[in-house]
Every structure is written in C-alpha cells, then in structure tokens.
1. Quote the charge dipole size of the stretch 159-265 about the Cα centre in Debye, to the nearest 20; the model charges only the Cβ of Lys and Arg (+1) and of Asp and Glu (-1).
2. Only Lys, Arg, Asp and Glu count, each charged at its Cβ (+1, +1, -1, -1), so figure out the dipole size of the chain about its Cα centre, rounded to 20 debye.
3. Angle between the Cα long axis of helix 47-56 and the longest principal axis of the chain, 0 to 90 degrees, nearest 10?
4. Rounding to the nearest 20 debye, state how big the charge dipole of the stretch 207-314 is about its Cα centre with +1 on each Lys and Arg Cβ and -1 on each Asp and Glu Cβ.
5. Which percent of the accessible area of the chain is formed by carbon and sulfur heavy atoms (probe 1.4 angstrom)?
6. Quote the FRET efficiency, to the nearest 0.05, computed for residue 81 versus residue 134 with a Förster distance R0 of 45 Å and r equal to the Cβ-Cβ distance.
7. Using the beta-carbon distance between residue 107 and residue 274 and R0 = 45 Å, what value does 1/(1 + (r/R0)^6) give for FRET efficiency, to the nearest 0.05?
8. Any idea what the alpha-carbon Rg over 2.2 N^0.38 Å comes to for the stretch 231-314?
Amino acid sequence: MTKIVELAGGVGGARLAHGLQAVLGDRLTVVVNSADDLERHGLAVWPDHDTVMYTLAGRDDRDRGWGVADETWTVIEELGRYGEETWFRLGDRDIATHIVRTARLRDGDRPTEVALHLQRALGLRATVLPMTDDRVRTAVRTDDGWLSFQDYFVRRRQEPTVHDVRFDGVETAGPTPEVMAALAAAASIVIAPSNPIVSVGPILALPGIRETLLAARRRGVPVVAVSGIVGGKALRGPADRMLVSLGGESSALGVARLYAELADAILIDTLDAALGPAIEALGVRVVVTDTIMLDDAGRERLARAVLETAVAAA
C-alpha cells in the first residue's frame, strides 16, 4: 500500500493535506511543525497541528483560514473582562480541544499520543504527527530584540522586520519514533507550500531529519516540494518578507534554493514558469501548474499533480 508523508505547517500545508487526504485516505501521514506551539490561559495550544487537524476533519473556518467554523467567543470575551490579555484569540469550540489536550499532557501522555486521540475523536482518515514530543520554540530577532514567534506573528501582526530566526531546544530534541517510522515506510515525501523558514524549517532542523530525507532519496524515494511563493508573494503570512530580510529571494527560485539539496522536483505556479530554467540549473526538476487552492477541487487538483510528479521522479 503506497504511503505518502507530507511535511507541513499552517494553512498552505493544511490545504494540500486536505487534497492529499481526498486522494489517499489513510495512506497519508502529515508531519506537522510544533515549534509554533504556546501556552495561553494555562492551556497547551498547537496552532499548526490544529489548523491541519481541523482542515482534515472538515471543521476549519475557511473565511478566517484558522480555527473552527461557526465559532463563538464567549470565553475570550469574559477573560478580557477580568483583565486578561486576549491578543491571541481562542474560540469556545477551539478551547475544548485545548482543555482535553492539556489534561492528557498533565496526566503524562506524550504529545503524539494526545494528537492521535484528538484526531480519532474527529474521525480523520489521515494521520497527523507532531514533529517531536520535545519542546522546541521558534523565536525571531527584530529591531526590538528576540520575540517569541506568536508574539511576532499574532500580537505584532508580522509587522517587525525579521533579521534572524532560531529554534530554541531543537539541538536536544528529536523526531518521534512515529515520525521516523512514517518516513521509513513512505513511497514519497512531500514538502508543503508552507513558510520554508518557520513552518518547514523547524522540522528540517530536527537532528536526523535532513539525513533521513537524503537517505530516502538514495533509496529511490522521491522528495517533492511545492512553492508557497507565487509571483513573488506569499499567499498568506510573512514568508515573502522573511525570505528577503534573511538574505534570500522572494520567489519560487528562492524557495527552490532552500530545498535544492533535498528535493527531486518542485511544483511552481504558472505565473512563475519563466523561473523554471534557473531552478532546473540547481538540479531540481520543475513542474509548472496551477498551485493556488481556492476550493476543494483546487486542493485535490494540486494533490494529484504532486503525486504524479512523485511517480515520475521515482
């Protein structure tokens, strides 16, 4: 049975995962960034995991791009009345997820065990695995000094220029046995159109992950990336600005340079077709297609293009 592993974080990764799940069902495993995780109001909050989980469960709010559909905000409004900070807004339905998670973590369950429990409860066909059970946290350096990722991303609305990025704790962390087993069994590995620096970057920074991907390629397992930069812009989030401020290029070519060592092929949007020769000069095969996922049909269309590219690269 063909199994696919996607490395993902955030909305772009979740949308592609939704398309892949429509094609593959339980043959899909998503390894998700956990360096964006945080604690709010005494609760463990996993933004990237939950975005992927809610999307695969068909419960995501498509207008906002995050959180649960048909959300209400009674608890966060009451917290504000008590003088609590409410810049990171948690909806009532979402809070139920965090309560269950926090209680199970407090009882000693591993994060991976907690994630699998939540997914089973929501009836996911695919599997979503946190990249690690260890604590890793992204921080960014701005003109105001080092900020936690969510302080930069949510509280300050991605406005400060990012001069450096670090993943605190990553040196002593490690991928879980479940992640390593999924990669070992994968027929192909997909790098999602997520922010390559702060969504995919923490996964690749885990000790052993890059080496595992390179070993997979040597065994003939194709690694296929999808550029999240289209026409020089990120469809969501600050990836385009980060690429430039960190010395790179905000383009599909800039993304390809980051993945050139790891990827056999990269899918880029039709708007970026002219960049194809420069990318292929890096040794990465280019597939030009429509990468913008406006609806379920678009998600599945891109998923099928990714899978076809993986077969061709095998």
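1. With only Lys, Arg, Asp and Glu charged at Cβ, the dipole is about 280 debye.
2. 620 debye
3. Compared with the principal axis, the helix lies near 70 degrees.
4. Taking the Cα centre of the stretch 207-314 as origin, the dipole is about 300 debye.
5. Details: 6580 of 13280 Å².
So the carbon and sulfur contribution to the accessible surface is 50 percent.
6. Details: r = 37 Å, r/R0 = 0.81.
According to the calculation, E is roughly 0.80.
7. 0.25
8. 1.09
The values are calculated or read from the model by the stated rules, or taken from the named source; none is laboratory data. Quick caveat: nothing in here was measured; it's all calculated off a predicted structure. Cβ sites come from the backbone with ideal geometry, for glycine too, and all protein chains shown count toward neighbours. Areas reflect the complete protein model, heavy atoms only, side chains present, ligands, DNA and RNA absent. Shrake-Rupley method; radii C 1.70, N 1.55, O 1.52, S 1.80 Å.
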